[in-house]
1. For residue 21 paired with residue 171, estimate the spin-label separation in nm (one decimal), with each label point 7 Å from Cα along the Cα-to-Cβ line.
2. Would you calculate a helix-derived [θ] at 222 nm for the chain, using -39,500 (n - 2.57) for each DSSP H run of n ≥ 4 and dividing by the full residue count, to the nearest 500?
3. How would 262, 109 line up from fewest to most surrounding beta-carbon atoms within 10 angstrom?
4. Got a sec? How would 125, 225 order by Cβ neighbour count within 10 Å, fewest to most?
5. What is the antiparallel percent of DSSP beta bridges lying wholly in the chain, to the nearest 5?
6. If I stretch the segment between residue 279 and residue 188 completely, what's the gain in nm (0.36 nm per residue apart, minus their alpha carbon distance), one decimal?
7. Beta carbons within 10 angstrom, averaged per residue: use that to sort the peptides 37-43, 265-271, highest first.
8. What spacing in nm lies between the two simple spin-label points modelled at residue 88 and residue 265, each 7 Å away from Cα in the Cβ direction?
C-alpha cells in the first residue's frame with residue numbers, strides 16, 4: 001500500500017500540494033486524476049523521493065522511498081518519458097540500469113520483448129518517437145520486476161495498440177497482487193483501466209474511492225421510462241416520488257436521481273404497463289468535470 005499523509009509541498013510561494021492525504025490499495029489500478037497544475041506529478045515525485053515534502057510524508061510499505069532496502073525491485077516509476085541519455089541505445093540504457101542494480105542480463109531481453117522494443121533495441125534513444133520513449137520508460141520501470149508501479153501519463157504518444165497494451169499491462173499487474181498508481185487525462189481510458197480513483201484539484205483531495213462510486217451512483221444515473229399511458233406513469237411517480245427531477249418527453253419520461261428498481265416497483269404496485277425501464281450512467285469525463293470545475297487552473301476560452 002502507498003500512503004500519502006498530510007502531504008504539503010511548496011516551491012517558494014507556490015503550493016503544489018496542500019495537506020493531501022489518500023491511500024493506494026494493493027491489488028488495484030488506482031487512477032490519479034486532476035486538472036493541469038493540480039499536483040499529480042509533484043505527488044508522484046514525492047513518493048519516489050525526487051522531491052522532499054514541506055510537510056507530511058509519502059510512504060511505501062510504511063516507509064519513505066529512501067528507506068526501502070531495494071528500491072527498484074519494490075517500485076518502478078515512469079515520470080518522464082525523455083529521461084534517457086540520447087546517445088545510448090535502448091539496450092544500452094537498460095543494461096546500465098541492470099548492471100548498477102545487479103539485475104540479470106537475461107532480464108533485458110525479457111523486458112525488450114515485453115514492451116515491444118526488441119526490433120529497435122539497437123537504435124539510439126535520440127531517434128525515438130514519443131511513443132517509443134514511453135515504452136522504454138515503462139521497460140525501465142518494469143526491469144526490477146517491482147510490486148509497485150507509478151506511471152505518469154504513460155499512454156501519451158501511443159497508438160491504439162500501445163494504449164491497449166498499457167491497459168492490459170497494469171490490469172494484469174494488479175491482478176497478481178501488484179499496486180498501480182497511474183495518471184492520465186484520457187477519461188475514457190481511465191474508465192476502462194482503473195478500479196479505484198483519486199481526484200485532486202489545487203493540490204487538495206476532492207474525492208477518492210471505487211470507480212463505480214463515481215459513475216454509477218444514484219446522483220449520476222438517469223432512468224428512462226416508457227409505456228402506453230405515459231400520463232398515468234408520470235402522475236403515479238409524481239405522487240409516490242415527489243422530489244424526483246423529471247423531464248417529460250413525448251414518448252419517454254427521463255428521471256434523474258432515482259433507481260430503476262424503485263421506479264419499476266412503484267409502477268408495478270400501481271398496475272401500470274411499461275415498455276421501457278432503463279438506466280444510463282454519467283461518463284467519467286462528465287463526473288470529472290463536475291468535480292474539478294472550480295479547481296481548473298488553465299481554462300480554455302470557450303469554457304469561461
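All of the numbers you see were taken from the coordinates with simple rules; none came from a lab. In this text, all values refer to a predicted model and were calculated from it rather than measured experimentally. We place every Cβ from the backbone using ideal geometry, glycine too, and count neighbours over all the protein chains shown.
1. Taking the two extended label points, one gets 3.4 nm.
2. Helices in the chain give a 222 nm mean residue ellipticity of -10000 deg cm²/dmol.
3. Listed from fewest to most nearby Cβ atoms, that is 109, 262.
4. 125, 225
5. Taking every DSSP beta bridge within the chain, about 65 percent pair in antiparallel fashion.
6. Residue separation times 0.36 nm, minus the Cα-Cα distance, leaves 30.8 nm.
7. So the order, starting with the most tightly packed, is 37-43, 265-271.
8. 6.3
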